[in-house]
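Accompanying notes for the structure given below.
The values are calculated or read from the model by the stated rules, or taken from the named source; none is laboratory data. Values in this document were obtained by computation on a predicted structure and should not be read as measured data. Note that each Cβ is placed from the backbone with ideal geometry, even for glycine, and that neighbours are counted across all protein chains shown.
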Amino acid sequence: MKLITVILRTKAAMTHFFRPGAAITYSVIDNTVLLKTFEVVAQGRSVTLREILETLSSEEAHDAEFKAEVSESLRWLLDKGLVRVEEAPIEDFSIYYVTSDGLLAWNKLKEAGVFDKHGPASRLIAG
Amino acid sequence: MASVPLGATAASVLLAIGFTLLCALIEVLAGARREIEKETIPRTQPKIKSCITGKFWLYVIALIPFNLASTLLAWYQLPRWFPKYFDKLGEWSVFMYAFAGVFLFQVLVTNTDIWIFSKGVMAFQKWTSLIRTPAIGAAIEKESERDSERQQRIADALKPLLSEADLSTRIREIAGDEEANILEARAQDADDPKLYKLLWLARRYPLKAQSILNAKRDSSE
């Protein structure tokens, strides 16, 4: 798969106005699955793990290895504060939603031309 | 300017505040909407009450001074530019000042970026986006909490009222055989297949799940 490296400046000046004390951080997305996962959450705004898997690939949704990779990507996004989660008793129905930092990062990625603004997630980033 | 009564100015200001609220609400609602349409993702969109958050009010407060200033500018300048038109409007002109002040200002500002020496020194688009995005993020968070709570509440309420066989039949009726078979296969991998199916139904078809719950409650009373 093609490796894409995108530097994200995730926190902008006005975000600090709303979240005083937060430090400016730079994050690197260097993994295609991670990028696609972020895209689905950012475009869907609020989606379950099952919906993310089905949107990325209906055939791979059953694949445990693929699910583990997506889960790892989500953990990274959670760690960076780009995404948050509402836990459910069954992991597949935990709701992942994009944060304001995530929306700012998403807009920067779109401005950078990484994504086709109007294209569905499955059409993006050919491997 | 002296011919304009104070009450009319106050009315313009109040209308400008009202239009600002409306404008901010529309922008936050539009920002929180999904950008993709997929069969696998429910088509529900954020509700107005999810948009009303602390950050929404901060956004409105940030907009109000600019919108009031532009309304007062419109109130001062427009009758001088178009005296006949505003004479004809009479008392309705207060509405026009507020409308022009808020909406024309928004259009102007959100489409204007001034660059000097390759630096966006007056990048209004960026500024408005930076104060709007936290309000949109807060609306998405609130809506996700409501979705999660509703999903769990419906699943918990339906669990004792519906047998697994009955649930499977209803899912087959609602979603069709193909989708029901896929769900059945996935549910068998879960620790609690019935809860899996209930959560799926509550997420994918919330209105139908709610109507099943209402019908079950009515029949048990």
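Computed quantities for the displayed model
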item: Hits in the stretch B:171-199 - residues which are among the hydrophobic types (A, V, I, L, M, F, W, C) and in contact (Cβ under 8 Å) with a residue 24 or more places away in the chain; result: B:Ile171, B:Ile174, B:Ala175, B:Leu195, B:Leu198, B:Leu199
item: Selected residue (criterion: nearest to A:Ile52 (Cα to Cα)) from residues of the stretch A:86-111 that are of a type in the set (A, V, I, L, M) and at the interface with another protein chain (Cβ under 9 Å from one of its Cβ atoms); result: A:Ile95
item: Residue within the stretch B:59-66 that is without any contact (Cβ under 8 Å) to a residue 24 or more places away in the chain, surrounded by fewer than 19 Cβ atoms within 10 Å (Cβ to Cβ) and out of contact with any Lys or Arg (no Cβ under 9 Å at 6 or more places or on another chain) present; result: yes
item: Residue satisfying condition, being part of a helix (DSSP H, G or I), at pLDDT below 90 and over 14 Å from B:Phe99 (Cα atoms), within set B:Arg80, B:Arg34; result: B:Arg80
item: Pairs with Cβ under 6 Å, 6+ apart, first in the stretch A:72-96 and part of a helix (DSSP H, G or I), second among the charged types (D, E, K, R); result: A:Asp92/A:Arg50
item: Sole exception among (1) in the same structural domain as B:Ala32 (by TED's automatic domain parsing); (2) of a type in the set (Val, Ile, Thr); (3) part of a helix (DSSP H, G or I) for B:Ile140, by number; result: (1)
item: Test for B:Lys47: is it in contact with a Ser or Thr (Cβ under 7 Å, 6 or more places away or on another chain), under 30 Å from A:Val40 (Cα atoms), among the charged types (D, E, K, R) and surrounded by 12 or more Cβ atoms within 10 Å (Cβ to Cβ); result: no
item: From B:Leu22, B:Leu89, B:Leu104, residue being within 30 Å of A:Ile95 (Cβ to Cβ), free of Cβ contacts under 8 Å to residues at least 40 places away in the same chain, in a helix (DSSP H, G or I) and not acidic (Asp, Glu); result: B:Leu22
